[in-house]
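Everything on this sheet refers to the single structure shown next.
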Amino acid sequence: MFAKVLIANRGEIAVRVIRACREAGVRAVAVYSDVDRRALHVQLADEAVHIGPAVASESYLNGRRIIEAAKQTGAEAIHPGYGFLSENADFAELVESSGLTWIGPPPVAIRAMGSKTEARRLMKDAGVPVVPGTEGGIDDPADAPALADEIGYPVLIKAAMGGGGKGMRVVRDQKQLAAAVEAAKRESLNAFGSEIVYLEKFIERPRHIEFQVFADDHGNTVHLGERECSIQRRHQKVVEECPSAIVTPEMRAQMGESAVRAAEAVGYRNAGTVEFLVDQDRSHYFLEMNTRLQVEHPVTEMVTGVDLVELQLHVASGGAIPFRQDELAMRGHAIEVRIYSEDSLNGFVPDTGTLRYLRPPYGYGIREDSGVQQGDAITIHYDPMISKLIAWAPDRETAIRRMDRALSEYRVTGVRTTIPFGRFVMNNGAFQRGDFDTSFVEREFDLGLLEESEQAWRRIAALAAAWRRHTETSESRRSDEHPLVESVAGSGSWKATGRRQALR
Amino acid sequence: MTDTNQKDRYRVEVDGVTCTVAFLPDGRVQVDDTVLSLDVVEDTTPGHFSFLIDRESRLLAIEPGDEPNRYRVNAGGYDFELHVLSERESFLHDYLRAAGVGKKEGRVKATMPGLIRKILVKPGDSVEAGQGVLIMEAMKMENEIRSPIPGRVLNLEVDEGEAVEKGAGLFEVETS
């Protein structure tokens, strides 16, 4: 095992990795930008190094500076977390050529999975099912109609280097095809610097189910079961669970085998996630591989009992995976809800502000992975995810009720959060039945229900505001100090009231 | 509400809805037609209060707003901006509103944090309702911010290239 590891990240994932390091007897080195000096990850680490200004390109994305920090502190390895430099093959190479250990897959595997067309070709050769589509990019838009006819409409145009829904277009008949290909090329060039697009069969209303895989240097590759990630908004996951309500043991064995084959095909090491689309007939298709630890890894940990970050450290330092595939046991059910600083009532627009009050829920079966504290600012510089709330229970129904209970206890003021949305999902019939797909938010999310609940709170807010003014004015009436304060009640008298209360 | 002192009665305006709140001599509170028991203690976090409203427990954050008698309340995860008027002030308010004084509906604020990309008008320009005044980038998308009313652009509170926080004033349009 390593003696010291540097964590090239911030927020909840940095905290998660620091905790695992300290439990394993490894000294943890945090890095931080100008605005993160007081952040939780800096406070919990054994050592911390300043790496630059708030803007990520000059701090958390500054690979050279991060390697310098590792050298300076004598760290032997770098854990990238997720996001930032975690899937940057050049950085992984730089880490290794600097004589440090990269806690992640070999750079060549990151690169292979980074190109969607390349990954598709590799997967096809390895016998992993892929969505029917073109072999490589479309060179000449004039070829598109014949290719689309062969695949069968509807087809999906995708950017080879893309992600996050950009450069993607659904085409339902030939008339729209040429224009859509041109538009997708332009969008892809702007967003990813590459105009290579390809065609795929468009899977109607798929579920998004992914498999956690792990590989070591001793020839072992295993999977740790699936995660159901179909509840998404803006192509980003918000609620995840393990196991999936629709995956049977036979399906798990089949999909798990595909996932292991996918990892082996690229010479994978350490933790990775193979994402599949599952269609209405329950057939699965390789979507992509995320060559890092996932945000939603805790649901797998709660159900399998495997500490994935500890296992990452163990495997990266040369250890073998301590269990065989047939020893993997899944117990109970876990759900994760991501708490974002976003306005659920207003198209999930990111919100910024100071966390004036923060009281996460606790209690039996609840885990909270958070990177913030009361008083912290949520800024435009970084991801608006505040924390992840995870509920475990012996069965899915109880896990849903437990999550709803926990969300109802969660108190955040200062920014708007996705907590009301999380409660909506837990109370939704289709979610409770396990009958949903990636179109859940557009099909089921009823803004009216949230607005109704907002309306009920509006009266309470009115009562509270009137009470505040009433107590301010009656206190000032009693006070000789501010006899005229009634006419200017507001911030001035607020401070006066605060002072008087402090003096009592 | 005839037995309450008029000093203990307030009109609260929130999101275009008005309700009346009266504090009764026996310590209870009347919201419109409903009488409720009320017990409030301050939390250890300033500005946060534990309310028992007819024994129902609610944690509420109350902070002063930008102008006198305006408050921001967080209740149940929702944010509200409220204007609390005493009985006397509400008469005055109605009178001024009827006389057309004090209208400020032409001030547009940023609904999300972002970056001002382009300003499309100059102060003094006439604009139609719905006409674009500036382009703001937020969430990696460009959004045209339009004038809510027809009128004359009174002033622009931002410059091109400026980053704005949520709630920051962008521009003001005066009814012509």
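The values are calculated or read from the model by the stated rules, or taken from the named source; none is laboratory data. Note that the coordinates shown come from a computational prediction; the quantities given were computed from them, not determined experimentally. Using ideal geometry, Cβ is built from the backbone for each residue, glycine included, and neighbour counts are taken over all protein chains shown.
Summary of computed values
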{"item": "Residue count for segment A:231-271, restricted to those that are touching a residue at least 40 places away in the same chain (Cβ under 8 Å) and among the acidic types (Asp, Glu)", "result": "3"}
{"item": "Residue count, segment A:408-447 (criterion: of a type in the set (Val, Ile, Thr), farther than 20 Å from B:Arg72 by Cα and out of contact with any Leu (no Cβ under 9 Å at 6 or more places or on another chain))", "result": "2"}
{"item": "Subset of segment B:1-49 [hydroxyl-bearing (Ser, Thr, Tyr), modelled with pLDDT of 95 or more and closer than 26 Å to A:Arg411 by Cα]", "result": "B:Ser37"}
{"item": "Qualifying positions in segment B:11-23 - assigned to a loop (DSSP other than H, G, I, E, B) and either polar (S, T, N, Q) or within 9 Å of another protein chain (Cβ to nearest Cβ) (or both)", "result": "B:Asp15"}
{"item": "Which numbered condition A:Ala334 fails, given (1) within 28 Å of A:Pro249 (Cβ to Cβ); (2) assigned to a loop (DSSP other than H, G, I, E, B); (3) small (Gly, Ala, Ser)", "result": "(2)"}
{"item": "Which listed residue, of A:Ala184, A:Ala191, A:Ala263, is surrounded by fewer than 21 Cβ atoms within 10 Å (Cβ to Cβ) and in a helix (DSSP H, G or I)", "result": "A:Ala191"}
{"item": "Matching residues, segment A:1-12, being part of a loop (DSSP other than H, G, I, E, B) and either under 18 Å from A:Ile386 (Cα atoms) or over 21 Å from the mean Cα position of the chain (by Cα) (or both)", "result": "A:Met1, A:Phe2, A:Ala3, A:Asn9, A:Arg10"}
{"item": "B:Ile62 vs. criteria touching a strand residue (DSSP E or B) at 6+ places or on another chain (Cβ under 9 Å) and under 21 Å from B:Arg9 (Cβ atoms)", "result": "yes"}
{"item": "Which listed residue, of A:Val15, A:Val31, is part of a helix (DSSP H, G or I), in contact (Cβ under 8 Å) with a residue 24 or more places away in the chain and touching a strand residue (DSSP E or B) at 6+ places or on another chain (Cβ under 8 Å)", "result": "A:Val15"}
{"item": "Where A:Arg282 falls short, out of the listed (1) surrounded by 22 or more Cβ atoms within 10 Å (Cβ to Cβ); (2) of a type outside the set (A, V, I, L, M, F, W, C); (3) not in a strand (DSSP E or B)", "result": "(1)"}
{"item": "Condition broken by B:Thr111, with the remaining ones in (1) outside the structural domain of B:Val127 (by TED's automatic domain parsing); (2) surrounded by fewer than 19 Cβ atoms within 10 Å (Cβ to Cβ) satisfied", "result": "(1)"}
{"item": "Leading residue by the ranking (nearest to A:Leu358 (Cα to Cα)) among those in segment A:36-57 that are at pLDDT below 95 and outside any loop (DSSP other than H, G, I, E, B)", "result": "A:Ala56"}
{"item": "Tabulated pairs, segment A:337-358, first within 11 Å of A:Ile419 (Cα to Cα), second of a type in the set (D, E, K, R) and assigned to a strand (DSSP E or B), C-beta under 8 angstrom, 6+ apart or interchain", "result": "A:Val337/A:Lys388; A:Arg338/A:Lys237; A:Arg338/A:Lys388; A:Ile339/A:Lys388"}
{"item": "Number of positions in segment B:70-79 that are out of contact with any Pro (no Cβ under 9 Å at 6 or more places or on another chain) and surrounded by fewer than 23 Cβ atoms within 10 Å (Cβ to Cβ)", "result": "1"}
{"item": "Per-region count, segment A:77-91, residues of a type in the set (D, E, K, R) and crowded, with 18+ Cβ neighbours inside 10 Å", "result": "1"}
{"item": "Residues of segment A:68-100 classified as in a loop (DSSP other than H, G, I, E, B) and of a type in the set (Asp, Glu), total", "result": "2"}
{"item": "Total residues in segment A:313-328, condition among the charged types (D, E, K, R) and either outside the structural domain of A:Val303 (by TED's automatic domain parsing) or in contact (Cβ under 8 Å) with a residue 12 or more places away in the chain (or both)", "result": "1"}
{"item": "Qualifying residue in segment A:206-227 (condition: closer than 29 Å to A:Ile151 by Cβ, modelled with pLDDT under 95 and basic (Lys, Arg))", "result": "no"}
{"item": "Sole exception among (1) more than 7 Å from chain A (Cβ to nearest Cβ); (2) in a strand (DSSP E or B) for B:Asp26, by number", "result": "(2)"}
{"item": "All strands (runs of 3 or more DSSP E) inside segment A:349-446 with 3 or more residues being more than 30 Å from A:Asp307 (Cα to Cα) and in contact with a Phe, Trp or Tyr (Cβ under 8 Å, 6 or more places away or on another chain)", "result": "none"}
{"item": "All positions within segment A:125-153 that are within 33 Å of the chain's Cα centre (by Cα) and exposed (fewer than 15 other Cβ atoms within 10 Å of the Cβ)", "result": "A:Asp125, A:Gly127, A:Pro132, A:Glu135, A:Gly136"}
{"item": "Residue in segment A:30-42 that is surrounded by fewer than 21 Cβ atoms within 10 Å (Cβ to Cβ), of a type in the set (S, T, N, Q) and under 24 Å from the mean Cα position of the chain (by Cα) present", "result": "no"}
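This table checks each residue for (1) among the acidic types (Asp, Glu); (2) closer than 30 Å to A:Asn9 by Cα; (3) modelled with pLDDT of 95 or more.
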position: A:Tyr357; (1), (2), (3): no, yes, no
position: A:Met385; (1), (2), (3): no, yes, no
position: A:Ala406; (1), (2), (3): no, yes, yes
position: A:Met426; (1), (2), (3): no, no, yes
position: A:Glu442; (1), (2), (3): yes, no, no
position: A:Gln455; (1), (2), (3): no, no, no
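Each row is one residue, and each column tells you yes or no for (1) surrounded by fewer than 18 Cβ atoms within 10 Å (Cβ to Cβ); (2) at pLDDT 95 or above; (3) assigned by TED's automatic domain parsing to the domain that holds A:Thr413.
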residue: A:Val337; (1), (2), (3): no, yes, yes
residue: A:Ser344; (1), (2), (3): no, no, yes
residue: A:Gly347; (1), (2), (3): yes, no, yes
residue: A:Pro350; (1), (2), (3): no, no, yes
residue: A:Gly365; (1), (2), (3): no, yes, yes
residue: A:Ser370; (1), (2), (3): no, yes, yes
